[in-house]
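Reviewing the structure listed below.
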Amino acid sequence: MSSPILVILRAAHCRSTHHHIAVDALDRIATKQGRRLVTQLLRHHMRYLTGAKDPDVRFRDFQNHVIHVDDGYWGGAPRVASQWYDRLQKYLRQARYADAAHAAGVLSHYFTDPMMPLHTAQSPVEKVLHRPIEWSVTKSYGSLIQRWRDDPTRTVFELSDQPGWLGESMLYAARLAHAHYSELLNQYDLAAGSKQPPSGLNEDLQTRLSDLLGLAVTGWARVLERVAWEADQSGVTIPRASVTLGTVLAGVRVPDRLWIRRIAGKRQQSKVSAMVEEFRRTGDVVESLPSEQRIIARVRKIRHRERDYRARRELAARLAADEKRADESDDTPRAILPFATAARQEDDVDDARIRLQVIDPLVHAPSIGPKTADRFSAIGIHTVGDFLSADVLVTANRLATGWITAETLMSWRNQCLLMCQLPDMLARDVKLLVAVGAHTVDIIAATDEDALHSRLVAMSETAAGARLLRGGRVPDRDRVAEFIDDAMEFVQRQTSPAESVASKQRAA
């Protein structure tokens, strides 16, 4: 299911087939670098959507929108697409993300136009039917793309890794589209389409066009993935942009009642209406915020206070850590506390999104309830930092219980550490991750998204998994991708400290 942000963009801003393709492709991005690029496109969505229509309304270079297959592949689409691809990469290198979003929109137009049959040839009949057919496709887009989604044998797009891949992929797609050119002209019902645009397309044409739209959506998704990958290979790390429903709603200039009606399904309309009403009333979306968005709106209201508090908290944590290390003997196992305290000291990381801090009372840690926390308090372990710094074997012996073993303590420690290191982690998230063996950020960062999601789902279907979830939902694939992205970013930031600690350990 699409995120509410994409639902709103489609309903409030998409006025053409090019807009719909540009937005629908964002749902299909599967790579980590690509998803970071998507956040920038969403943040600058108006520039992105403006770019998707500029070739028609601003540049009007229609000779560059076509590839006439039967006329020696005449047309400038591949050439101009390559120029805009290079321009997009340049903007990413310069961190000009608004300009990059516009360039991406423009590129999407030139790339996908030749995937529509009427852009692959020209004839007297086509000149008459071109605009009516395009309008029928635009007005039927929702049902056509849904037909493609529902087809288990649906067409998808894969890119070559050879030089000149962009132009070659466009030529290949144009050949596929051109195979439907004659039938589209022969079967289109102009009389019916002029009265009710979707009626001009019979069942056969709907099937053909749905395949081609699916080709365009997946093709553009693959291009965006390649854009992000090539930027990453050149040393450019596209940062993840913060995108909220409030930001998107603030940019909507169409009356609510008009665009909400365009959303398919009464239930979806009701949910979006609640978000809009709350935003108009309060200037934010909190109470009606969908859980899948995982946007904690209250952070925005307390951020200025949190930054001041952060400095004091980090200082207290460092002092506590220094005091602990001073009290420990040389043979104490490698301390994990420095990783927890140093994890969030960079200015570009929102510390307020970390749900567990080393100075928090231990009862706030996952798997440790009030009675268990009292047991730890009795042996001098009061905070999360105390627990992370303590030796598990010594702690297990001092607790002197039959069920809190050193292995159990290590599992709890890993849960705490993940919650201290990664943003927006819930207790059930870290419990599941540790239960399936993803017990450190290094392991999570190196794990395949599909494999990790499958392991979490399999665990959730067991009795042990059900106990860990306590009625909650297993993280979906998008959330798992966030786990991996956040873990990779953490590992990158911590490379030097990690190597330093490892070096000290080897020396010892």
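The values are calculated or read from the model by the stated rules, or taken from the named source; none is laboratory data. As the structure is a prediction and not an experimental result, all values here were calculated from the model. Note that we place each Cβ from the backbone using ideal geometry, even for glycine, and neighbour counts take in every protein chain shown. Accessible surface areas use protein heavy atoms only, side chains included; no ligands, DNA or RNA. Shrake-Rupley method; radii C 1.70, N 1.55, O 1.52, S 1.80 Å.
Data table
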quantity: Some residue of region 387-405 being buried (at least 22 other Cβ atoms within 10 Å of the Cβ), touching a residue at least 40 places away in the same chain (Cβ under 8 Å) and not polar (S, T, N, Q); calculated: yes
quantity: Tally of residues being within 19 Å of His119 (Cβ to Cβ), open to solvent by less than 30 Å² (accessible area, probe 1.4 Å), of a type in the set (A, V, I, L, M) and more than 16 Å from the chain's Cα centre (by Cα) across region 1-59; calculated: 2
quantity: Matching residues, region 331-372, being modelled with pLDDT of 50 or more and in a loop (DSSP other than H, G, I, E, B); calculated: Ile354, Arg355, Leu356, Gln357, Val358, Ile359, Asp360, Ala365, Pro366, Ser367, Ile368, Gly369
quantity: Close pairs from region 408-434: first over 18 Å from Pro475 (Cβ atoms), partner aromatic (Phe, Trp, Tyr) and open to solvent by less than 20 Å² (accessible area, probe 1.4 Å), Cβ under 8 Å, at least 6 apart; calculated: Trp412/Phe387; Arg413/Phe387; Cys416/Phe387
quantity: So Pro198, is it over 32 Å from the mean Cα position of the chain (by Cα), open to solvent by 40 Å² or more (accessible area, probe 1.4 Å) and more than 29 Å from Ser234 (Cβ to Cβ); calculated: yes
quantity: Filtered residues of region 461-482 (kept if part of a helix (DSSP H, G or I) and under 23 Å from the mean Cα position of the chain (by Cα)); calculated: Arg477, Asp478, Arg479, Val480, Ala481, Glu482
quantity: Filter result for the condition that a residue is open to solvent by less than 40 Å² (accessible area, probe 1.4 Å) and modelled with pLDDT under 90, over Val501, Val474, Val434, Val430; calculated: Val501
quantity: Test: residue in region 179-190 that is over 18 Å from Leu213 (Cβ atoms), touching a residue at least 60 places away in the same chain (Cβ under 8 Å) and small (Gly, Ala, Ser); calculated: no
quantity: Out of Gln196, Gln206, sole residue that is farther than 25 Å from Gly75 by Cβ and without any contact (Cβ under 8 Å) to a residue 40 or more places away in the chain; calculated: Gln196
quantity: Residue within region 135-157 that is acidic (Asp, Glu), at pLDDT 95 or above and under 20 Å from Thr17 (Cα atoms) present; calculated: no
quantity: Given (1) among the aromatic types (Phe, Trp, Tyr); (2) more than 22 Å from the chain's Cα centre (by Cα); (3) within 25 Å of Ile238 (Cα to Cα), index of the condition Phe62 fails; calculated: (3)
quantity: Unmet criterion (only one of (1) more than 28 Å from the chain's Cα centre (by Cα); (2) of a type in the set (D, E, K, R); (3) within 30 Å of Gln33 (Cα to Cα)) for Arg455; calculated: (1)
quantity: Residue within region 41-50 that is at pLDDT 90 or above and among the polar types (S, T, N, Q) present; calculated: yes
quantity: Among residues of region 442-470, those that are open to solvent by 40 Å² or more (accessible area, probe 1.4 Å), under 24 Å from Thr31 (Cβ atoms) and acidic (Asp, Glu), counted; calculated: 3
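Residue-by-condition table, conditions (1) free of Cβ contacts under 8 Å to residues at least 60 places away in the same chain; (2) over 28 Å from the mean Cα position of the chain (by Cα); (3) under 19 Å from Asn202 (Cα atoms):
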position: Met115; (1), (2), (3): no, no, no
position: Pro124; (1), (2), (3): yes, yes, no
position: Lys127; (1), (2), (3): yes, yes, no
position: Trp135; (1), (2), (3): no, yes, yes
position: Ser143; (1), (2), (3): no, no, yes
position: Thr155; (1), (2), (3): no, no, no
